[in-house]
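> Mind having a look at this structure? Questions to follow.
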Amino acid sequence: MSSHAIREPGGAGKRPRWLQHSDLALRGISLGYIGLFVALPIVALTTRACGGGLHRVWEEMTRPEALFSLRLTLMMAAAMMIINVLMGTLTAWVLVRYRFPAQSVVNALIDLPFAIPTVVTGLMLVVLYGPQSSIGTFLSAHGVEVIYAKPGIVLALLFVTSPFVVRAVQPVLMELDRDMEEAAATLGARRWTVFRKVILPSIFPAVLTGAALSFSRALGEFGSVVMVAGNIPMRTQVASVFIYGEVESDNPLGALGVSVILLAGSLIVLIALNLLQRLGRKRDE
Amino acid sequence: MHRTGGIGLQWFSMILTLFLAIGFWGCGKKGNENVTHSDTLVLAAYTVPKEAYEKEIIPAFQNHWRETTGREVTVQQSYEASGAQTRAVLGGFEADVVALSLEGDVDKIAAAGLINHDWKNRPWRGFVTRSVVAIGCRAGNPKNIQGWEDLTREDIEVLYPNPKTSGGAMWCVNAIYGAGLKMSEKKTGRADPGFARDLLKRIQRRVKVMDKSGRLSVTTFERGVGDAILTYENEILLRRIQGREFPLLIPESTILIENPIAVVDKNADRHGVRELAEAFVLFCHTDEAQRAYARYGFRPAHPEILKEFSEIYPDPPLLFDIDYLGGWTQVRKDIYGRGGIWTRITQELAEE
């Protein structure tokens, strides 16, 4: 890291001993911290799930209601992710490249979903699209069901995860060198071509990060979805609500089984993202 | 970089909150230890009778305790869904007395060794209140709902919570299934499980939302969803006490619900409040407390007091209780277990 190089006198010389020790301590603390607060609960959950006998967990996982809830969760999260990638990138673009009144307010608004309790999110959506609202009445008169149906789930997930893509893409766009774009434009490239050939490759890793984070976040979302989904088994019940039901009805094994699948899903997405980014970096070099 | 800044701030505030929480916790503990001149009782109850305890029974008990012993008593109250409350007590929440909605929940606490007396060896087998599953409908009953069969109509949307998360919803499903048995028995002289299952399936088909608790289900209904709601009679009566128009229909056949109360021996002894806890449980059985429950929508367990209120609490002709369906263990397995009646019905409906 460049900051070290500046601090060290004589550049490439050996670093003083106390610095090495404190480095070790820092690393130890941060790894221990992650281990204690992140890894340990996950390990505990997984060992509990496997402790009850793997075949029992497997039986629980493959129940039709469990499989259905997992499939629904994945589908809803995927739908959310596609919208989020498109609209999030667009929003970041507008925030970075355009100046308009109340821009700082809009910029602050982006983070708001992280600060709102998810139950409140659910409530807001019900108030807005529910049967007592004018929008809800209008929509249901035209045969469109939002609340207590799948669109409501996607809306809730979108609200909860919307900051991820914007906040991942925004800083990259800000640091983007505009000379390249101008050069491309001078050479006669149209705006769309400039975007596709110059801008997109640079922001792609960031878009991917945002997408993956929002996807894994959506897999576990409970508070808002339980309010808007309808929660009917095999129709509108997502995995997190299924898990909650199993916990409530004294079937921890059923809850653990599906939880482990959700965890594995998130882990796979995040690892895949890491690999993709590493590949991208290699290509750049 | 905006992003790292935001996350740093998040962590900072989270850690700050944690410290504050620990701080407050510490304060709370100290505060309690200082108060030695007064007695403290910890009551863990389910949510529905909250108003009855808060506004009438606990103040009356405090007076009663002052008159008989000359001491002040503070009752620390916690209200949670019955299942969540049970798990809290099992997980270490040191309640001296539990008042729950399901007999099975008290049994669980007993099975964990926290209750070691025969809690049913009290007036009315340890139950303090009763209720029935009722049908609530919209003001003026615009869809003219008269009984179970009407809930199967195509123009009707029905609400009840999810039996997986709500003890109340299990009562609803039990009520429909049992009513099916009773009604077929009345017609043909023989209880017909096929008819009961079919009735349950036809009503479940009309269910629009399954909330996670009975309370939430009523809230959803009041928000304008659905034409009819299945819930405890007392839940609807409570809304009426609060001044809302909420027509209530008690079907010809429905299930009787009984709510238990018990001293948690281990905790009461550890806190040295056994006498106080016993006195509270006994007080809940007195005429005074029984009338208070009745005013808040509960059928009193006391048969004489129930008679006083017979106008508000009519007896449905084909009333049955959980034993008619074979008891809780049987019902959990036959109706809600894997391959159980309700489980299968939801699967079949998904395939339609």
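The values are calculated or read from the model by the stated rules, or taken from the named source; none is laboratory data. This structure is a prediction, so every number in the text was calculated from the model and none was measured. Cβ: placed from backbone, ideal geometry, glycine included. Neighbour counts: every protein chain shown.
> Consider region A:215-235. How many of its residues are of a type outside the set (Gly, Ala, Ser) and either in a helix (DSSP H, G or I) or within 19 Å of the chain's Cα centre (by Cα) (or both)?
Number of matching residues: 9.
> For region A:245-259, which residues satisfy the criterion of being more than 11 Å from chain B (Cβ to nearest Cβ) and either buried (at least 22 other Cβ atoms within 10 Å of the Cβ) or not in a helix (DSSP H, G or I) (or both)?
Selection gives A:Leu256, A:Gly257, A:Val258, A:Ser259.
> Has region A:74-90 got any residue that is within 14 Å of another protein chain (Cβ to nearest Cβ) and surrounded by fewer than 20 Cβ atoms within 10 Å (Cβ to Cβ)?
No, every residue in region A:74-90 fails to be within 14 Å of another protein chain (Cβ to nearest Cβ) and surrounded by fewer than 20 Cβ atoms within 10 Å (Cβ to Cβ).
> Which of (1) outside any loop (DSSP other than H, G, I, E, B); (2) surrounded by 16 or more Cβ atoms within 10 Å (Cβ to Cβ) does B:Gln330 not meet, given it meets every other one?
The one condition B:Gln330 does not meet is (2).
> Within region B:67-86, can you find the residues that are surrounded by fewer than 20 Cβ atoms within 10 Å (Cβ to Cβ) and either polar (S, T, N, Q) or part of a loop (DSSP other than H, G, I, E, B) (or both)?
If the condition is that a residue be surrounded by fewer than 20 Cβ atoms within 10 Å (Cβ to Cβ) and either polar (S, T, N, Q) or part of a loop (DSSP other than H, G, I, E, B) (or both), then B:Thr68, B:Thr69, B:Gly70, B:Arg71, B:Glu72, B:Thr74, B:Gln76, B:Gln77, B:Ser78 are the ones that fit.
> Looking only at region B:292-327, filter to residues that are within 18 Å of the chain's Cα centre (by Cα) and basic (Lys, Arg); which one of those is surrounded by the fewest Cβ atoms within 10 Å (Cβ to Cβ)?
Applying the filter and picking the extreme gives B:Arg295.
> In region A:123-166, how many are farther than 25 Å from A:Thr89 by Cβ, within 11 Å of chain B (Cβ to nearest Cβ) and buried (at least 21 other Cβ atoms within 10 Å of the Cβ)?
The number of residues fulfilling the criteria is 5.
> Does B:Phe61 meet the test of being under 20 Å from the mean Cα position of the chain (by Cα), more than 14 Å from chain A (Cβ to nearest Cβ), of a type outside the set (A, V, I, L, M) and crowded, with 16+ Cβ neighbours inside 10 Å?
no
> Hey, among B:Val128, B:Val106, which residue is assigned to a helix (DSSP H, G or I), under 25 Å from B:Ala294 (Cα atoms) and more than 14 Å from chain A (Cβ to nearest Cβ)?
The conditions single out B:Val106.
> Whether any residue in region B:327-337 is within 14 Å of chain A (Cβ to nearest Cβ) and among the small types (Gly, Ala, Ser) is what I want to check.
Scanning region B:327-337, I find at least one residue that is within 14 Å of chain A (Cβ to nearest Cβ) and among the small types (Gly, Ala, Ser), so the answer is yes.
> What pairs come out if I take residues in region B:174-187 that are closer than 11 Å to B:Asp198 by Cβ and pair them with residues that are acidic (Asp, Glu) and surrounded by fewer than 24 Cβ atoms within 10 Å (Cβ to Cβ) whose C-beta lies under 9 Å away, six or more apart or interchain?
B:Gly180/B:Asp192; B:Gly180/B:Asp198; B:Ser184/B:Asp192
> Looking at region B:277-297, can you tell me whether even one residue there is under 21 Å from B:Lys108 (Cβ atoms), part of a helix (DSSP H, G or I) and among the aliphatic types (A, V, I, L, M)?
Looking through region B:277-297, at least one residue is under 21 Å from B:Lys108 (Cβ atoms), part of a helix (DSSP H, G or I) and among the aliphatic types (A, V, I, L, M).
> Output the number of the condition that A:Arg97 fails; it satisfies all remaining conditions of (1) in contact (Cβ under 8 Å) with a residue 60 or more places away in the chain; (2) within 14 Å of another protein chain (Cβ to nearest Cβ); (3) of a type outside the set (Phe, Trp, Tyr); (4) exposed (fewer than 15 other Cβ atoms within 10 Å of the Cβ).
Result: A:Arg97 passes all but (2).
> Just wondering, is there one or more residues in region A:179-197 that are at pLDDT 90 or above and more than 10 Å from every other protein chain (Cβ to nearest Cβ)?
No, region A:179-197 contains no residue that is at pLDDT 90 or above and more than 10 Å from every other protein chain (Cβ to nearest Cβ).
> Right, here's the next one. Any residue in region A:236-244 that is farther than 21 Å from A:Thr46 by Cα and either within 11 Å of another protein chain (Cβ to nearest Cβ) or part of a helix (DSSP H, G or I) (or both)?
Yes: one or more hits.
> Could you check region B:169-198 and list, in sequence order, the residues that are surrounded by fewer than 19 Cβ atoms within 10 Å (Cβ to Cβ) and either hydrophobic (A, V, I, L, M, F, W, C) or within 14 Å of chain A (Cβ to nearest Cβ) (or both)?
Correct list: B:Ala191, B:Phe195.
> Then there's this: Looking for whichever is within 13 Å of another protein chain (Cβ to nearest Cβ), touching an Asp or Glu at 6+ places or on another chain (Cβ under 9 Å) and surrounded by fewer than 23 Cβ atoms within 10 Å (Cβ to Cβ) here; the options are B:Lys212, B:Lys266, B:Lys164, B:Lys201. Which one fits?
B:Lys212
> Can you tell me which residues in region A:70-113 are of a type in the set (Gly, Ala, Ser) and under 24 Å from A:Lys150 (Cα atoms)?
Hits for region A:70-113 are A:Ala77, A:Ala78, A:Ala79, A:Gly88.
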